[in-house]
Amino acid sequence: MTVPNNKPKTMAGVLAMIAAADLSATKRRDMISSINRLCEMAGYSASNLPAEAGALRQALRKIHPAKFDVTAKTFSNLKSLLAAALQQVGVFDDMGRGSARRDPTWGALMEAVGSDQQLSNGLAAFANWCTLHGIAPGAVTDETVTLFSTWLETRTHCLKPRDVARRTPILWNEASAKFACWPKTNLSRIFFKAPRKRLPWDDLSESFRRDAEAYLGKRGSPDIFEDEAPLRPLAPTTLRQQSEHLRLAASVLVETGTNPADLGSLADLVEPKRFKTVLRHYHDVRPGKPSAFAVGIAKTLIQVAKHHVGASDDRLAELKALAAKLPAVPFDLTPKNKALLRQLESDKLRAKLFFLAEELLAEAAAKPEGTRLPFVKAQVAIAIDILLACPLRGENLIDLHWRRHFHEPDGSKRRLLLHIPAEETKTKTRDLTLEVPPDVSRRLRWYRRQILLGIDADPNGFLFATKGGGRKRQQTLTQQIIETIEKHVGIHMTPHQFRHLVATMYLDANPEDFQTPQAILHHASAKTTQIYAGSSSRRAGRAYSKILFEQREKLRIPPA
């Protein structure tokens with residue numbers, strides 16, 4: 001379909017065209033209202049939001065309906081009215097729903113796959129588009145799929161066009177293999193991954209890779225009797241991070257003219273001139289701005305020089321002097337974390353978050369008798385319950401095991417203690433022991449009886465189990481928590497950000513007591529907990545406002 005010449009540039013233009021369109025008063029009112037409401041929810045004015053599929057898709061993804069007390073049904077209706085308005089003014093094309101089933105050729109094929117819901121639903125949009133563009137089933141090629149993908153991205157309101165396009169050739173080939181009537185053209189898969197910006201390990205010399213493996217092995221299990229040996233082993237996450245730092249540093253040098261063969265060992269990375277090249281590259285991404293990544297890669301290379309290469313004191317001093325020239329990273333919460341904590345200043349949002357676990361478990365328990373309870377919803381509820389009461393790190397949360405980590409010193413209906421041995425903590429220095437609040441203990445015990453037994457998992461085993469009893473992956477639980485909070489509370493919040501919330505809430509109530517949040521968060525150093533001191537100006541302002549109010553009331557002149 002051709003794009004109209006008078007297509008509006010912004011949503012303000014769309015509003016003007018809808019106001020002048022030949023529509024019923026009710027439809028015109030509803031379309032204008034939906035556009036204004038969605039622009040408001042996305043944080044745009046109509047004149048600033050481009051009337052283009054990509055920009056609108058991005059704006060809609062930012063909206064969390066729960067934040068505005070908008071139900072999923074109402075949000076769906078608002079998006080439908082927006083799509084209708086954009087079709088009315090020529091920004092979007094009609095998706096042609098049902099066109100393929102009414103076409104003699106495509107209709108027979110879609111009827112054949114009708115018994116397979118995945119194929120029927122997954123191929124419907126492609127078949128409808130082919131019908132509208134006069135493309136017969138036998139004429140479908142890889143180029144057809146590419147054109148369909150472009151159309152989805154630029155001329156429709158499809159929220160995940162790449163997912164639809166990526167699935168299309170896979171489902172087409174599956175239908176071809178399963179149904180004799182389906183064309184036997186084999187379509188190539190579509191990939192949207194951007195080309196790798198940095199060299200993979202395989203493109204670096206074998207001697208460099210071996211040296212990197214030797215260094216990482218040494219840092220994972222240091223020999224305490226070796227000269228300049230590190231005091232303690234690095235955590236697996238830190239080892240992965242340092243491995244990536246080494247690969248990226250080598251990639252930057254190759255991109256700036258170094259022959260990969262000249263990088264035979266890690267010693268070649270920490271030569272001062274090359275060290276400076278790497279730091280300059282990452283500093284120039286945002287010139288003059290603090291970069292935690294640039295500082296991190298500098299620290300990794302300095303540790304390589306000290307613990308592996310055996311650099312002299314003068315060489316180490318030179319490397320440290322170069323690293324010191326990078327803009328200092330503020331010892332403070334990141335802007336993203338600060339923005340989340342500002343959102344949670346709202347009593348309404350905090351209430352939604354604090355009572356979310358109870359709400360989800362009530363929904364899970366309300367399933368009709370004889371049906372399996374929704375265990376994912378219950379697991380997310382328990383995870384949120386624990387994170388609010390005992391703000392654990394993600395790796396400790398996912399690894400919770402009833403028999404290993406929970407203790408009932410006074411019996412199965414009384415106190416519940418959470419105990420994580422020192423060797424399982426990040427600091428490796430001391431045990432972490434917390435008393436679980438009574439209401440959370442009660443929900444945990446219900447979850448073990450009703451949910452874990454219901455999925456054939458051991459109630460005395462892993463708390464976050466899969467069907468059959470295996471431990472759930474940390475990434476899976478993290479994503480489920482994020483999506484649930486977005487849906488019900490309307491904010492983007494990761495499990496780790498519960499730690500920031502807990503510390504900030506406690507310090508708001510007890511501004512002078514940094515020792516308690518240090519113990520709760522299990523920080524090895526009091527300095528780490530001082531990151532939350534950045535909110536002290538707000539606490540000071542609140543304290544002063546209270547004094548000012550009291551003084552005003554005291555000095556208020558009574559009426560004559």
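The values are calculated or read from the model by the stated rules, or taken from the named source; none is laboratory data. Since this is a predicted model, take the numbers as computed values, not measurements. So basically every Cβ, Gly included, is an ideal-geometry build from the backbone, and we count neighbours across all protein chains shown. The accessibility values were calculated without ligands, DNA or RNA, using every heavy atom of the protein model including side chains. Shrake-Rupley method; radii C 1.70, N 1.55, O 1.52, S 1.80 Å.
Yes/no per residue for (1) in a loop (DSSP other than H, G, I, E, B); (2) open to solvent by less than 20 Å² (accessible area, probe 1.4 Å); (3) closer than 30 Å to ASP116 by Cβ; (4) out of contact with any Leu (no Cβ under 7 Å at 6 or more places or on another chain):
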residue	(1), (2), (3), (4)
TRP172	no, yes, yes, no
ALA177	no, no, yes, yes
CYS181	yes, no, yes, no
ALA212	no, yes, no, no
ARG219	no, yes, no, no
GLN241	no, no, no, yes
ALA261	no, no, no, yes
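Residue count for region 165-219, restricted to those that are free of Cβ contacts under 8 Å to residues at least 40 places away in the same chain and hydrophobic (A, V, I, L, M, F, W, C): 8. Comparison of LYS299, LYS306 shows that the only residue that is out of contact with any Pro (no Cβ under 7 Å at 6 or more places or on another chain), at pLDDT 95 or above and not β-branched (Val, Ile, Thr) is LYS299. Evaluation of HIS419 against the conditions (1) in a loop (DSSP other than H, G, I, E, B); (2) open to solvent by less than 60 Å² (accessible area, probe 1.4 Å); (3) closer than 15 Å to HIS522 by Cβ shows that the sole unmet condition is (1). Say whether the condition of being assigned to a helix (DSSP H, G or I), open to solvent by 40 Å² or more (accessible area, probe 1.4 Å) and of a type in the set (Asp, Glu) is met by at least one residue in region 394-415. Yes: region 394-415 contains one or more residues that are assigned to a helix (DSSP H, G or I), open to solvent by 40 Å² or more (accessible area, probe 1.4 Å) and of a type in the set (Asp, Glu). Listed residues VAL502, VAL489; which is over 30 Å from LEU60 (Cβ atoms) and surrounded by 17 or more Cβ atoms within 10 Å (Cβ to Cβ)? Answer to the selection: VAL502.
Pairing each residue of region 309-333 that is in contact (Cβ under 8 Å) with a residue 12 or more places away in the chain with any residue that is among the aromatic types (Phe, Trp, Tyr) and open to solvent by less than 30 Å² (accessible area, probe 1.4 Å), provided the two are 6+ apart or on different chains, yields C-beta distances under 7 Å for LEU319/PHE275; LEU322/PHE275.
Quick grid of which residues meet (1) within 24 Å of the chain's Cα centre (by Cα); (2) modelled with pLDDT under 85:
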| position | (1), (2) |
| --- | --- |
| TRP446 | no, no |
| PRO459 | no, no |
| ALA503 | yes, no |
| GLN530 | no, yes |
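Mind checking whether some residue in region 454-472 is of a type in the set (Lys, Arg), exposed (fewer than 15 other Cβ atoms within 10 Å of the Cβ) and in a helix (DSSP H, G or I)? So far as region 454-472 goes, no, none of its residues is of a type in the set (Lys, Arg), exposed (fewer than 15 other Cβ atoms within 10 Å of the Cβ) and in a helix (DSSP H, G or I). When residues in region 262-301 are screened for being in contact with a helix residue (DSSP H, G or I) (Cβ under 7 Å, 6 or more places away or on another chain) and more than 25 Å from PRO335 (Cα to Cα), 16 of them pass. Pairs are defined by a Cβ separation below 6 Å, a sequence spacing of at least 6 or placement on different chains, a first member in region 131-143 that is farther than 20 Å from MET95 by Cα, and a second member that is open to solvent by 50 Å² or more (accessible area, probe 1.4 Å) and of a type in the set (S, T, N, Q); the pairs so defined are ASP142/SER188. The set of residues in region 473-486 that are in contact (Cβ under 8 Å) with a residue 12 or more places away in the chain and either more than 20 Å from THR334 (Cβ to Cβ) or buried (at least 19 other Cβ atoms within 10 Å of the Cβ) (or both) comprises ARG473, GLN474, LEU477, GLN480, ILE481, THR484, ILE485. Is one or more of the residues making up region 312-332 of a type in the set (S, T, N, Q) and buried (at least 18 other Cβ atoms within 10 Å of the Cβ)? Scanning region 312-332 turns up no residue that is of a type in the set (S, T, N, Q) and buried (at least 18 other Cβ atoms within 10 Å of the Cβ).
Could we say that THR156 is out of contact with any Leu (no Cβ under 9 Å at 6 or more places or on another chain), within 23 Å of ASN186 (Cβ to Cβ) and not acidic (Asp, Glu) here? Judged against the criteria, THR156 is not a match.
If you check ILE386, ILE420, ILE398, which single one turns out to be over 27 Å from LEU340 (Cα atoms) and in contact with a strand residue (DSSP E or B) (Cβ under 9 Å, 6 or more places away or on another chain)? So the residue among ILE386, ILE420, ILE398 that is over 27 Å from LEU340 (Cα atoms) and in contact with a strand residue (DSSP E or B) (Cβ under 9 Å, 6 or more places away or on another chain) is ILE420.
Taken as a whole, the condition of being outside any helix (DSSP H, G or I), touching a Gly at 6+ places or on another chain (Cβ under 7 Å), open to solvent by less than 80 Å² (accessible area, probe 1.4 Å) and on the phi < 0 side of the Ramachandran plot applies to PRO233.
In this structure, ALA509 qualifies as free of Cβ contacts under 8 Å to residues at least 24 places away in the same chain, surrounded by fewer than 14 Cβ atoms within 10 Å (Cβ to Cβ) and out of contact with any helix residue (DSSP H, G or I) (no Cβ under 6 Å at 6 or more places or on another chain).
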